[in-house]
Amino acid sequence: MQDDLVIANRSFRSRLIAGTGKYSSSEIMRLAHDAAEVEMITVAVRRVDLGARGSGSLLDAIDPRLMILPNTAGCYTALDAIRTARLGRENGLSEWVKLEVIGDERTLFPDNEALLEATRVLVKEGFIVLPYTNDDPVVCRKLEDAGAAAVMPLGAPIGSGLGIQNRNNIVIIKEQASVPVIVDAGVGTASDAALAMELGVDGVLMNTGIAGAGDAVAMAEAMKLAVRAGRLAYRAGRIPRKRYASASSPLEGVIGG
Amino acid sequence: MKIRLNGEPHELAHPLTVTALLTELDLDPRRVAVERNLTVVRRSDYEATVIEEGDEIEVVNFVGGGARYRSLPKS
């Protein structure tokens with residue numbers, strides 16, 4: 001039986017989504033995306049550098065079979081995020097947008113007030129909105145009510161590699177959500193990704209965790225396996241946690257007794 | 001004729017279409033998106049949209065963030 005990730009009107013076999021930033025070269029990025037077996041990748045929208053000539057376009061470096069998810073990275077106001085989303089749609093000719101409205105430069109935590117406003121506007125304009133937000137169940141519910149196609153609570157600050165900082169909140173968010181929950185930001189190594197999936201979330205999005213690793217291609221493979229392992233473990237039904245031992249072998253028939 | 005292009009003042013000899021501007025900037029229209037006075041210009045309207053004095057134009061493309069990308073070498 002297929003266990004696809006379904007967001008809005010599309011289904012994905014892969015529950016791992018990757019970014020395109022911070023790679024040491026476009027070759028490494030391409031190899032890492034292959035190793036991760038992602039089907040969707042995020043890209044940022046930026047002013048063309050009119051002074052630079054001869055540099056290739058990111059679109060030429062990406063595997064053309066991958067779905068491009070424009071993001072509004074770097075936007076600090078609802079208006080900028082809305083404008084960026086509209087430009088991203090025109091550039092990519094896709095209705096999907098990963099919405100980010102940042103509230104703080106150091107932590108890159110979202111400005112949820114502006115995020116909600118931007119979500120409402122963009123949903124009305126027909127976008128399929130995937131908002132990046134905190135591990136705050138109240139905000140996630142509001143985003144879902146505002147029409148978001150998924151919610152993307154962070155595990156920890158972008159690029160921090162700290163893993164899931166608040167497991168309990170992530171579980172609560174998943175329990176109450178009617179749209180897919182994708183942990184976005186903070187994944188540092190394979191076990192972080194596996195843990196996220198074991199908590200029951202629908203997918204994991206990461207950029208720095210792969211791109212910033214010593215061997216990005218190897219880490220991409222590790223993350224792919226971790227997401228799969230975590231998902232299998234979740235669906236398999238783990239044993240309960242117990243304070244004391246629970247012997248695995250029968251108590252009778254031991255020699256010398 | 002003065003406009004603002006990507007946040008900087010820019011001089012144009014005369015009004016021209018978005019298509020013509022992109023050509024002048026040596027940009028592939030399929031690789032960029034254009035905003036004129038806070039409104040996205042549809043690609044299908046590039047030929048018909050004329051840039052005028054005082055316009056604020058933003059020309060953007062997709063990037064990975066960080067290093068600029070070179071196309072993969074042809075194999």
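Values computed for the structure shown
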{"quantity": "Long-range HN-HN contacts of A:Ile17 with modeled amide H, under 5 Å", "calculated": "A:Val204, A:Leu205, A:Met206"}
{"quantity": "Placed amide H near B:Val63: partners under 5 Å, 5+ positions off or other chain", "calculated": "A:Ala44, A:Val45, A:Arg46"}
{"quantity": "Long-range HN-HN contacts of A:Thr133 with modeled amide H, under 5 Å", "calculated": "A:Met152, A:Leu154"}
{"quantity": "Karplus 3J(HN,Hα) series, Hz, for region A:111-128 with 6.51 cos²θ - 1.76 cosθ + 1.60 (x for Gly, Pro)", "calculated": "8, 5, 4, 5, 4, 5, 4, 5, 4, 4, 4, 5, 4, 4, 7, x, 6, 9"}
{"quantity": "Point-to-point label distance, B:Thr39-B:Met1, nm (Cα→Cβ direction, 7 Å offset)", "calculated": "1.7 nm"}
{"quantity": "Reach of A:Lys174 by Cα under 17 Å, taken over lysines that are not fewer than 8 positions away in the same chain", "calculated": "A:Lys142"}
{"quantity": "Modelled FRET efficiency - R0 56 Å, A:Arg235 with B:Glu8, Cβ distances, 0.05 increments", "calculated": "0.55"}
{"quantity": "Shape category assigned to region A:171-257 from the gyration tensor of Cα positions, a/c cut at 1.5", "calculated": "oblate"}
{"quantity": "Which of A:Thr119, A:Thr189, B:Thr49 has the fewest Cβ neighbours within 10 Å, and the rest in rising order", "calculated": "A:Thr189, B:Thr49, A:Thr119"}
{"quantity": "Estimated translational D of the protein assembly as shown in µm²/s (Stokes, Kirkwood radius over Cα pairs; 20 °C; 1.002 mPa s)", "calculated": "101 µm²/s"}
{"quantity": "Ranked A:Tyr234, A:Tyr244, A:Tyr23, criterion: other C-beta atoms within 10 Å, fewest first", "calculated": "A:Tyr244, A:Tyr234, A:Tyr23"}
{"quantity": "Trypsin sites (Lys or Arg not before Pro) restricted to DSSP loop in region A:77-167 with at most 13 other C-beta within 10 Å", "calculated": "A:Arg106"}
{"quantity": "Virtual spin-label span in nm between A:Val171 and B:Thr17, 7 Å along Cα→Cβ", "calculated": "6.2 nm"}
{"quantity": "Angle in degrees between helix A:216-236 and the longest Cα principal axis of chain A, rounded to the nearest 10", "calculated": "50 degrees"}
{"quantity": "Computed over chain A: relative contact order in percent, which uses C-alpha pairs under 8 Å that are six or more apart", "calculated": "18 percent"}
{"quantity": "Packing-based order for A:223-233, B:34-44, using average beta carbon neighbours within 10 Å, highest first", "calculated": "A:223-233, B:34-44"}
{"quantity": "A:Glu125 paired with A:Glu27, simple spin-label distance in nm, labels 7 Å along Cα-to-beta-carbon", "calculated": "4.0 nm"}
{"quantity": "Region A:50-129, relative contact order in percent, only Cα pairs under 8 angstrom and at least six apart counted", "calculated": "27 percent"}
{"quantity": "Least to most buried among A:Asp80, B:Asp55 (fewest other Cβ within 10 Å first)", "calculated": "A:Asp80, B:Asp55"}
{"quantity": "Spin-label zone in region A:12-26 - amide nitrogen under 17 Å from a point set 7 Å from the Cα of A:Glu95 along the C-beta vector", "calculated": "A:12"}
{"quantity": "Extension reserve of the A:Val138-A:Arg10 stretch, reckoned as 0.36 nm per residue once the Cα distance is removed", "calculated": "43.4 nm"}
{"quantity": "Shielding by partners - mean other protein chain Cβ count within 10 Å, residues of A:84-91", "calculated": "6"}
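Read the figures in this text as sums done on the coordinates, not as results from a lab. Treat the numbers as computed from the prediction; the structure is a model and nothing was measured. Counting neighbours? That spans all protein chains shown, and the Cβs are built from the backbone with ideal geometry, glycine included.
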